[in-house]
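First comes the structure, then the notes that go with it.
The values are calculated or read from the model by the stated rules, or taken from the named source; none is laboratory data. Being a predicted model, the structure only gives us computed values, none of them experimental. Cβ sites come from the backbone with ideal geometry, for glycine too, and all protein chains shown count toward neighbours. Each accessible area value is taken on the protein alone, full model and side chains, heavy atoms only, with ligands, DNA and RNA left out. Shrake-Rupley method; radii C 1.70, N 1.55, O 1.52, S 1.80 Å.
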Amino acid sequence: MGDKRTVQGRTKGSLSALIVPLEDRRTAPREPVSREGGCRITELLLGNTERTSRLMSVSTKQQRIAELAKQSPRMSFTSLNHFIDEEWLKEAYRRIKKGRSAGCSGETAAEYGEELTDRVRTLIDCAKSGSYFAPPVKRVYIPKGDGKEKRPIGIPETEDKVLQRGVVMVLEPIYEQDFLDCAYGFRPGRSAHQALDAIWRELMGMGGGWVLDVDVRKFYDTLDHAHLRGFVRRRVGDGVILRLIGKWLKAGVMEESGLVYPEEGTPQGGVISPMLSNIYLHYVLDVWFEHEVKPLLGGEARLVRFADDFIIMFRCKDDALRVQKVLSKRFEKYGLTIHPEKTRLVEFLPPSKRGTNKSGTFDFLGFTHFWSLSRKGNWVVKRKTARSRFQRALKRVGEWCKHHYHLKLQEQHKALSLKLRGHYNYFGITGNSVALREYWHQVRRLWRYWLNRRNRGNDMLWSRFLLLCERYVLPLPRAIHSVCPANP
């Protein structure tokens, strides 16, 4: 399992029957490229608004880039910056999230958009002439996991976000032709629920197995710049794009202690960071595992990765132990470290195969995966909200109620309803009704507790609160995503 580049045309021999074929789901361009006489979809998109015309033009350019990338999988693009023009960056500005916190200067997206045309033209000139200066990234810390650790988050300037989004819009059509089916995070048309669906189908298809739950220690902070530049150059040879990426990697980070210049890593929270992390792990992990490791295994195996979080499922324990042993060496070669305490190998077999009433569990993407009996009496993989995520969500609701219990009941009801719907939108999957119902009950309990603090008389008894809830009804739990059959 040495470090090799992607092997083309490897002869699998007798092992071919033991390898799970991966369906080719590489994201295709959203719209067909216009050929002789144009295309029907393009005609349907024709309109009189400036935004529609701009979107059509950007989409057409992205289709052309995707076509070239697909036709020449080993080609390095040396001329990409000419795509980044005024309408391209205006579309990039439209795609950035406007409600996020401002950077070090405090300039919001709305303020930047007041003189968008002039600002974009100046930005293009600076970027292509090489005079663009990547401003420092504002760093804040948010609780991580159980709250004992904190995760550093970088907040770029609005102008930096626009330019980074413009570069991502150029890189995305190229790498969507290269990224493998096992990668789900921060890709168009892919989601965490699709990754959960893939895990469920693989484990059910194998009838259980061994799950290698891997945690990469401080991935975004330890990402090696030299290796990253080498990976990017395999597909991108445009000097302007490479220079901009280099400046973003070297940009300073503004903390309370002052301005620092990290020699490794990329700020988590930046617009360009998810793309760079996917490129890095595509070569370090995905290609290596799919093309070099899997052909050497004795049984089925499947990798599912979402950004820097990933698990590997094996049918055979020996295969799992071999990969676990070599995985840390592979990552160390590229400056990454596998967390020895948080990485574990789980015997994820149904109790009927283990000869015991207990089964191993593992957490991934906020859900605890476990075996349980279905209504028909069959052992199936089920998911419930992970305890850490459940407690974290309730803590946030409690903090909000603590600081806003003085608001009018209508305003509190509206805000809590939005929080509940947001929770259901992610955790509302088939089989998670118990955890959803408990979350709904705990939110009501917290709301009553803080309403009771409004008056010194503590007169918000449950009987009165239940009458209040008949007027201000909080959304009931419901399953939004059916990622597996309800009754196998």
The lone exception for V140 - which of (1) open to solvent by 30 Å² or more (accessible area, probe 1.4 Å); (2) in a helix (DSSP H, G or I); (3) within 30 Å of R392 (Cα to Cα); (4) not acidic (D, E) it fails: (2)
Of the conditions (1) open to solvent by 30 Å² or more (accessible area, probe 1.4 Å); (2) more than 21 Å from T60 (Cβ to Cβ); (3) of a type outside the set (S, T, Y), E172 satisfies every one except a single condition; which number is it? (2)
Report whether or not Y449 is at negative phi, open to solvent by 30 Å² or more (accessible area, probe 1.4 Å), aromatic (F, W, Y) and out of contact with any Phe, Trp or Tyr (no Cβ under 6 Å at 6 or more places or on another chain). yes
Give L474, L418, L407 a once-over and let me know the one that is part of a helix (DSSP H, G or I) and not basic (K, R). L418
Condition first: in a loop (DSSP other than H, G, I, E, B), open to solvent by less than 50 Å² (accessible area, probe 1.4 Å) and under 16 Å from S76 (Cβ atoms). Now tell me which residues in segment 220-243 satisfy that. R235, G237, D238
Restrict the check to segment 267-275 and report whether at least one residue is in contact with a strand residue (DSSP E or B) (Cβ under 7 Å, 6 or more places away or on another chain), on the phi < 0 side of the Ramachandran plot and hydrophobic (A, V, I, L, M, F, W, C). no
Selection from segment 163-189 of residues that are assigned to a loop (DSSP other than H, G, I, E, B) and either under 14 Å from H282 (Cβ atoms) or in contact with a helix residue (DSSP H, G or I) (Cβ under 8 Å, 6 or more places away or on another chain) (or both): E176, Q177, D178, F179, L180, D181, C182, Y184, G185, F186, R187, P188
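Quick grid of which residues meet (1) closer than 24 Å to D363 by Cα; (2) in contact with a Cys (Cβ under 6 Å, 6 or more places away or on another chain); (3) buried (at least 21 other Cβ atoms within 10 Å of the Cβ):
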position	(1), (2), (3)
I245	no, no, yes
V260	no, no, no
E290	yes, no, no
L303	yes, yes, yes
Selection from segment 251-287 of residues that are in a strand (DSSP E or B) and of a type outside the set (D, E, K, R): V253, M254, G258, L259, V260
Just to check your reading of the model, which residue among R387, R375, R383 is touching an Asp or Glu at 6+ places or on another chain (Cβ under 9 Å), closer than 29 Å to G207 by Cα and of a type outside the set (S, T, N, Q)? R387
Can you pull out every residue in segment 305-341 that is surrounded by 17 or more Cβ atoms within 10 Å (Cβ to Cβ) and among the acidic types (D, E)? D308, D309, D319
For segment 71-89, what are the residues that are in contact with a helix residue (DSSP H, G or I) (Cβ under 9 Å, 6 or more places away or on another chain) and in contact (Cβ under 8 Å) with a residue 40 or more places away in the chain? M75, S76, F77, T78, L80, N81, F83, I84, W88, L89
